[in-house]
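In what follows, a structure is listed as structure tokens, so that the remarks can point back to it.
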Amino acid sequence: MSEAEIKPHAGAVKFTMLLSGLVFVLMMALGLIMRAAQGEFIELDPALFYQILTAHGAGMVGVAGLSGAAIMWYFVGRYVQLSAAMYWAFLGLFLLGVVLILSAIFLGEFGGAWTFLFPLPAIAGGAWEPWAAATFILGYVSIGVGFLLYYLAIGYPVIKRYGGLARALGWHVVFAGADPADGPPPTIIAAAAVTVFNTLGTVVGAAVLVASLVHLLVPGFAVDALLAKNAIYFFGHVFINASIYMAVIAVYEIVPEYTGRPWKSSRPFIIAWSAILLFVMAVYPHHLQQDVVMPGWILVMGQVVSYLNGVPLLAVTAFSLGVYLHGSKARWDLGLSLLVLGVGGWSIGAIPAIIDGMLVVNKVMHNTQWVPGHFHIYLLLGEVAMSFGFMAWLVRKGQASEAGMSTLDKATFGTYLVGAAGFTMVFLISGALSVPRRWAVHLPGWILQDRIGTLFAALVVLSTLALVLKYAVGLGRGQRS
Amino acid sequence: MTRTLFAVLSAVLFSGCVVFRGELEADPVTHMLLQLPALALAGVLLLLATDLRFVKLPAYFANAITLVAVFAVFFWMLPRYIDASLINPFVEFAKFLTLPTLVGASLALAWRQAHPFLRGFLKANAISMLGVLGFLYIHAPLRICNSYLVSDQQRLGYGFLIAAIAVSLAWTFPLFFPSPSETGASQSKTNKVTV
């Protein structure tokens, strides 16, 4: 592929990834502060802890979505004409949302967590004013509208070029017996699936956000709390998973440059993505298994779909990656290493999620640090690793197959791997020891794990800073995207 | 022949809305979800009965006219003006005038020529607004319209929700299975494009 094919949007994507990298470091620094406070390395007012927790959660989810969206935009642009104006509109709305959210948290002292669970934003007990909660929600709305524009800008040309979402998902290959060679490329299949489920997720999220906003302004308007919780977790689960499903497109597009083996849209691949389309939406009740008033069949569905949800990922993407790499003459560099780590971490991170998705386990584990252990593996060793792999590839020297791994690259990668693996394992072990999550102040018996976790977190922050600096230097030198 | 049919249908719809005004406006569900759309549809049919339907508009003008229609819809979604149309003959007259012209005829004239992103945005906006209106009317702790009971507005809320679901399905299905004329899909699905 020639540079001319992707050049028009490469600048916007590179800028977005630079922003993403900086926000990743900042949000990780906030995480480090929280772990250091729990480990009593530093003193932190509990009210400020919950504000930082809110910023860390909202910021990480947001920037995971932003970096995933930039990756998908970059590679979908290889197949269809995309509107640069729509991308800038998306980015502008996203940044407006960030300003509103940060203002709500650090000026308005909002500390209701990124999940804005109804009716918590409105019953702050004096911790924050209604305007702060309303500003936080408006920030989410701005980001949500931005994402809807983004999916409109992706969906329209994909539908035009591939003859509808059904064909873009490859259903004519699976259900009408068409030759897989006539199917769309993996990037388009993934983009079509994400466009469908994250549009639905965002719309549901927008509905509950508007309901929460109206409730804040006119408390007489109240929505059913259980319905609101279902809507929030449907939106939250779909959105954060969409960030990973968008980022994995980097693996489909970049790894073949190293292996010389194109990633194919086989029938199992197409079926897997159609399954993902359903499972990612049907699995959200595993977040509500402690809500005993939920209908039993929905909770059972959450558990069963949790089992099934890992199959398309583990059996198709991870297995295929192994097959493509096995026996290839790929020369490992920082980009490839991080991308492979991303798929590995994503796959491993699914396992504690499946365990927590079991009703009998969930009853005792869900409010422990087991859960942040799961999603930090998913993100730190999954989406974030893929994003930095994409960034390293964007500023690599020469062709992918020629680039090697310098000593500094090896040190950075090794530090990131050890730091992230250690950090997440401490969360899992603490969870297994019933250490609660989201507590600002910890009992003396939990301090040791907190301190070990803090040290691993420091390694993650340092190595991530090195990754961002390498990317910034690479951009500065004007190296090839 | 077709033009005459459109003109007759438009006249029938408009006349029906005028003649059965009392019956339709007695219930907010038929007022908002039957009479108002019928008036807009009368405007669509009226325009289709004329040569205006063949007019090629500049892109910016098509977008602007589409937005005029949308803002007219927004206006008639405000409970205050629905209420006013029941007690103020001037507002009632404005309703019968603006819905066929500013909404129906404007959309018939400009919708297909408006930018696809604008159309997509407005469709998404229409669905979410129907949903939000459904929520507001069902949960409102007070009477929003002086002319209708709380129980009436709750029925209207459910009507909006049903409309939101119906419109979602009607607009989503063609995204999966569009007609060939709508897509212009190329033969080769895997070739990368040069932009």
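Could you run through region A:78-117 and say how many residues are at pLDDT below 90 and within 14 Å of another protein chain (Cβ to nearest Cβ)?
0
Would you check if A:ALA69 is closer than 15 Å to A:ALA153 by Cα, within 21 Å of the chain's Cα centre (by Cα) and in contact (Cβ under 8 Å) with a residue 12 or more places away in the chain?
Spelling it out, A:ALA69 is indeed closer than 15 Å to A:ALA153 by Cα, within 21 Å of the chain's Cα centre (by Cα) and in contact (Cβ under 8 Å) with a residue 12 or more places away in the chain.
Kindly provide the set of residues from region A:116-175 that are charged (D, E, K, R) and either assigned to a helix (DSSP H, G or I) or touching a strand residue (DSSP E or B) at 6+ places or on another chain (Cβ under 6 Å) (or both), ordered by number.
Passing the criteria: A:LYS160, A:ARG161, A:ARG167.
Answer with yes or no whether A:VAL145 is under 20 Å from the mean Cα position of the chain (by Cα) and within 10 Å of another protein chain (Cβ to nearest Cβ).
yes
State whether the residues of region B:98-116 include one that is within 14 Å of chain A (Cβ to nearest Cβ) and surrounded by fewer than 18 Cβ atoms within 10 Å (Cβ to Cβ).
yes
From the list A:PRO180, A:PRO184, which one is more than 8 Å from chain B (Cβ to nearest Cβ) and out of contact with any Pro (no Cβ under 9 Å at 6 or more places or on another chain)?
A:PRO180
Among the residues of region A:41-52, is there at least one that is of a type in the set (Gly, Ala, Ser) and either in contact with a Gly (Cβ under 7 Å, 6 or more places away or on another chain) or part of a helix (DSSP H, G or I) (or both)?
Yes, region A:41-52 contains at least one residue that is of a type in the set (Gly, Ala, Ser) and either in contact with a Gly (Cβ under 7 Å, 6 or more places away or on another chain) or part of a helix (DSSP H, G or I) (or both).
Considering only region B:81-95, state which residues are surrounded by 12 or more Cβ atoms within 10 Å (Cβ to Cβ) and in a helix (DSSP H, G or I).
Listed by number, the residues that qualify are B:TYR81, B:ILE82, B:ASP83, B:ALA84, B:SER85, B:LEU86, B:VAL91, B:GLU92, B:ALA94, B:LYS95.
So which residues in region A:79-90 are surrounded by 21 or more Cβ atoms within 10 Å (Cβ to Cβ) and over 24 Å from A:PRO184 (Cα atoms)?
A:PHE90
Given the conditions (1) surrounded by fewer than 24 Cβ atoms within 10 Å (Cβ to Cβ); (2) touching a residue at least 60 places away in the same chain (Cβ under 8 Å); (3) not basic (Lys, Arg), and given that A:ASP182 satisfies all but one, which numbered condition is not satisfied?
Status for A:ASP182: all satisfied but (2).
Here are A:ALA153, A:ALA166: which of them is within 9 Å of another protein chain (Cβ to nearest Cβ) and more than 26 Å from A:ALA89 (Cβ to Cβ)?
A:ALA166
Show the residue pairs meeting these rules: Cβ distance below 8 Å; 6+ apart or different chains; first residue within region A:347-358 and without any contact (Cβ under 8 Å) to a residue 24 or more places away in the chain; second residue of a type in the set (A, V, I, L, M) and in a helix (DSSP H, G or I).
Final answer for the pair search is A:ILE355/A:VAL361; A:ILE355/A:MET365.
Name the residues in region A:440-458 that are assigned to a helix (DSSP H, G or I), of a type in the set (A, V, I, L, M) and surrounded by fewer than 21 Cβ atoms within 10 Å (Cβ to Cβ), would you?
A:ILE447, A:LEU448, A:ILE452, A:LEU455, A:ALA458, listed by residue number.
Would a scan of region A:376-389 turn up a residue that is under 27 Å from A:TRP114 (Cα atoms), in contact with a helix residue (DSSP H, G or I) (Cβ under 7 Å, 6 or more places away or on another chain) and in a loop (DSSP other than H, G, I, E, B)?
no
Do the conditions hold for A:VAL76, that is, is it crowded, with 20+ Cβ neighbours inside 10 Å and of a type in the set (A, V, I, L, M)?
In short, yes.
I'm checking my understanding of the structure. Among residues of region A:407-425 that are among the hydrophobic types (A, V, I, L, M, F, W, C) and more than 19 Å from A:GLY57 (Cα to Cα), which one is surrounded by the most Cβ atoms within 10 Å (Cβ to Cβ)?
Per the criteria, the residue is A:PHE413.
Answer yes or no: is there a residue in region B:30-37 that is of a type outside the set (Asp, Glu), touching a His at 6+ places or on another chain (Cβ under 8 Å) and part of a helix (DSSP H, G or I).
Scanning region B:30-37, I find no residue that is of a type outside the set (Asp, Glu), touching a His at 6+ places or on another chain (Cβ under 8 Å) and part of a helix (DSSP H, G or I), so the answer is no.
Of the conditions (1) farther than 18 Å from A:SER243 by Cα; (2) facing chain B (nearest Cβ under 10 Å), A:PHE175 clears all except one; give me its number.
Checking A:PHE175 against (1) farther than 18 Å from A:SER243 by Cα; (2) facing chain B (nearest Cβ under 10 Å), the one that fails is (2).
Checking A:ALA89 against (1) among the aliphatic types (A, V, I, L, M); (2) assigned to a helix (DSSP H, G or I); (3) within 29 Å of A:ALA440 (Cα to Cα), which single condition isn't satisfied?
Going through the list (1) among the aliphatic types (A, V, I, L, M); (2) assigned to a helix (DSSP H, G or I); (3) within 29 Å of A:ALA440 (Cα to Cα), A:ALA89 breaks only (3).
Looking at B:GLY104, is it in a helix (DSSP H, G or I) and within 28 Å of B:GLN154 (Cβ to Cβ)?
no
Taking region B:131-154, which residues are within 14 Å of chain A (Cβ to nearest Cβ) and either hydroxyl-bearing (Ser, Thr, Tyr) or assigned to a helix (DSSP H, G or I) (or both)?
Correct list: B:GLY131, B:VAL132, B:LEU133, B:GLY134, B:PHE135, B:LEU136, B:TYR137, B:ILE138, B:HIS139, B:VAL150, B:GLN153, B:GLN154.
The values are calculated or read from the model by the stated rules, or taken from the named source; none is laboratory data. Small disclaimer: the values here were computed from a predicted structure and weren't measured. When we count neighbours, we look across all protein chains shown, and the Cβ atoms used for this are built from the backbone with ideal geometry, even at glycine.
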